Amino acid sequence: MFTEEAITYLIVFLIPIAFLPILACFTSFRRYGAYSFLATLLKGKEAKCITEQHIRDALRKKSLEEALESFAETELGTYISERSATIKTYDDIETLVFKYLSKDYSSIKIYLPKDSLILYNVYIEKYDLFNIKQIIRRLVSKSLHKVNFVPLGKIFESGLLSKLKESTSIDDVVSIIRQAGLYDYSMIIEEAQPKLSSEREAYRARVLLEKRLDEKYLSKLVNTSLKLKGKEQMLPAIGSLIDLNLINIVVRSIVAKNQREVADIIPEVYYILTKEGIRSLLDSKSLEEFSEKLEQTSYSDIGKRIVDIYRATGDVLLIEKEILDYALSKIKENVSTALHTPAVLLHYFLTKEKEIKLTLLFFRLFFQKIPYEKYLPYLKIGGSRVER
């Protein structure tokens, strides 16, 4: 039998020590368990994405029904197939894929740990800006044409997207944006409002407004990535994505021969590139000159690739997919060492956006009956270029 002193000793000293490993495990689970679950969940969903191989198979099919069979084992493919009766045009597909993306993001949001939720809430503002730009363009131009919105972003999640669609003034837009908690963007729009109302200054004011909105978003995204775990993986990916988007804009401006106009409205948020570097690229008289200048930067390989794709296909969607591939490569090799950080969520965002661009590319080729053969070399399998 234990004496009273022995029992007291056990209670005060030994039992607490015995519980230390259990407490450590519990603390570790609280810290890492949610991220381990999230990483497993997202990895499983990525395995069910539409890939280049699916697109290559679908391009060879004769009918929509046969093409959809190529996507049968994917989540997005299943979603589209279940609604195939509603598909008549490319616009129908565009509507469906963004509805799917909205549903998908909603399904993962509930599982996000605190840091990942912070990244999620900033990242999805890109869709708010898309919708805001659409309605402001309509109001400034006094257009009666239908405006296409995407069911994503904080305005959508706040149940205010229908109100945004029905806006009849900039004041309405500002009010809705504030209700959705997007105060920093509402302040920028308010500052531009007097010039937006002036017929003589409206167009210029609108494009400069869009530039300022983009700069605010990109700055928020970079600053957020610096504050979260996994910044070593996220910052290079986000920074490269920003730089490569600028390169994409420059390529299109060179082809359209409107570099001078673009120089004043291109967002001035960079990672490795600089303002002077972008100005130099915009001064290029040809894509060859552009590629030569890009040789002096870290993006020489992707620059050649973008020029190659544009010359072969002239397809912006394919270029944007290539940019996402490059950004994914910036974090893919390190994600396995950053499973307990928001880097896994960023990887998932880029993977889903790549899937959407691939899917839209296929359906545009399908509905417009564009010969697909020249696209095959640029649809990779296993991360390497596939030659015909």
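Assorted remarks:
- Only a single item in (1) in contact with a helix residue (DSSP H, G or I) (Cβ under 8 Å, 6 or more places away or on another chain); (2) charged (D, E, K, R); (3) within 23 Å of Val222 (Cα to Cα) is not met by Asp115, and it is number (1).
- Candidate set: the stretch 183-202, residues that are over 15 Å from Leu139 (Cβ atoms) and of a type in the set (D, E, K, R); chosen: the one surrounded by the fewest Cβ atoms within 10 Å (Cβ to Cβ): Arg200
- Among the residues making up the stretch 128-156, those that are open to solvent by 80 Å² or more (accessible area, probe 1.4 Å) and either farther than 24 Å from Ser198 by Cα or touching a residue at least 40 places away in the same chain (Cβ under 8 Å) (or both) are Arg137, Asn148.
- Filter result (within 14 Å of Ser36 (Cα to Cα) and open to solvent by 60 Å² or more (accessible area, probe 1.4 Å)) within the stretch 101-113: Tyr111
- Given (1) among the aliphatic types (A, V, I, L, M); (2) open to solvent by 10 Å² or more (accessible area, probe 1.4 Å); (3) closer than 30 Å to Phe366 by Cβ, number of the condition Ala180 does not satisfy: (3)
- Within the stretch 313-329, the set of residues being farther than 14 Å from Arg364 by Cβ and of a type in the set (Ser, Thr, Tyr) comprises Tyr326, Ser329.
- Exactly one residue out of Asp115, Asp128, Asp92 is within 30 Å of Leu376 (Cα to Cα), of a type outside the set (Ser, Thr, Tyr) and assigned to a helix (DSSP H, G or I), and it is Asp92.
The values are calculated or read from the model by the stated rules, or taken from the named source; none is laboratory data. All values reported here derive from a predicted model rather than from experimental measurement. Glycine also receives a Cβ, built like all others from the backbone with ideal geometry; neighbour counts cover every protein chain displayed. Accessible surface areas use protein heavy atoms only, side chains included; no ligands, DNA or RNA. Shrake-Rupley method; radii C 1.70, N 1.55, O 1.52, S 1.80 Å.
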